[in-house]
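Working notes for the structure below.
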Amino acid sequence: MRLDILAALSGVMIALQARANGELSHRINNSLEAALVSFGSGLIIISLIAIFSPAIKEGISNIRRALSLRNIARWKIFAGALGGSFVAIQTQIVPLIGVAIYSVASIAGQTAMSLVVDRIGITGGGKKTITWRRSSAAILTVTAVLVSVLDRIEAKNLSLFAVLAGCIAGAIVGVQRALNGQINEYSHQSFTTSLLNFVTGTALLLLLMLIGILTHRTNFVALPMGPWWIYTGGAIGVIYVAFTSTIVQHLGVLTFTLFSVGGQLIGSLVIDLVSPTNGIHVSSYLVTGIVMTYVGVIAGGVNSSRVRKPTRHR
């Protein structure tokens, strides 16, 4: 199968993960527990892989060495906590606004945050100038969010807070990816970086869950027997890492991002057409917003096509 098609499928996986996690949250009416189940199941899967993977074990040793030599700040290895926060927000708002609007909002957040991340220099390689082209792309993607929800704002049946939370979730992912890039430079094994993410992310969600129980704000809820696909969020996350670890090295970051985002947007649209959450419908405004979002991603990416030298296979 062609790599560009696989890149698009990886984007579809993101949309499927959002739908699965959102449905689990809706059925148990507990978004925090749903996020913990998703992240925790992913941790179990990748931990089992790590047991039989010398490469992952080598990556763990590399991280320990980098920390002991102070080549990387200790706080950066907690990037997975941002991933846990992302899933916690995802499970809360997807049942409210649907997969498609969530995808548009999160991509807008990622695009806008990329300007900040590059300006500060979190990704490594020094600070980067914020160009007019990338600023325009960020403005376009944010505008796309407003267009996507315009009809629902007029009908007063949309929580603007939920849409804003989707943008924040995307911004969180933008920072997490930048930190993961730095971690991966020292682990040299992307699956090791992913394992570290699942460990810290699950730990954060478990801590939040325990705090919620102690303060009587939440409690563990019995999980439903099915349908089976509502429990696939963690597995999809691990598979997504496997896809990206291979495909990015051959296609490059730019090409992968364009196909992946395209797959995510189209996949989210199809999901909301075929299997929407309660009260969600696809309108011409939403379709227009999706098109604008993809145009914004293309506009922001075409001026940075240089690909960094890939790390070893994770």
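Where a number appears in this text, it was derived from the coordinates with a stated rule and is not lab data. All figures in this text were calculated on a predicted structure; none of them were measured in a lab. Backbone-built Cβ (ideal geometry, glycine too); neighbour counts: all protein chains shown.
Overview of results
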| item | result |
| --- | --- |
| Exposure proxy order (Cβ contacts within 10 Å, fewest to most) of HIS216, HIS250 | HIS216, HIS250 |
| Percent RCO, i.e. relative contact order, over the chain, from Cα pairs under 8 Å lying at least 6 residues apart | 38 |
| Ratio Rg/Rh, restricted to segment 60-100 and using Cα atoms, in which Rh is the Kirkwood radius | 1.30 |
| Likely footprinting exposure, TYR240, TYR102, fewest C-beta neighbours within 10 Å first | TYR240, TYR102 |
| Extent along principal axes [Cα atoms of segment 51-198; Å; largest to smallest] | 56, 37, 21 |
| Translational diffusion of the chain, µm² s⁻¹ [Kirkwood Rh, Cα pairs; Stokes-Einstein; 37 °C; 0.692 mPa s] | 166 |
| Reciprocal mean inverse distance between Cα atoms of segment 220-282 - Kirkwood radius, Å | 14.3 |
| Estimated [θ] at 222 nm from DSSP helical runs (n ≥ 4, -39500 (n - 2.57)) normalised by residues in the chain, nearest 500 | -26500 deg cm²/dmol |
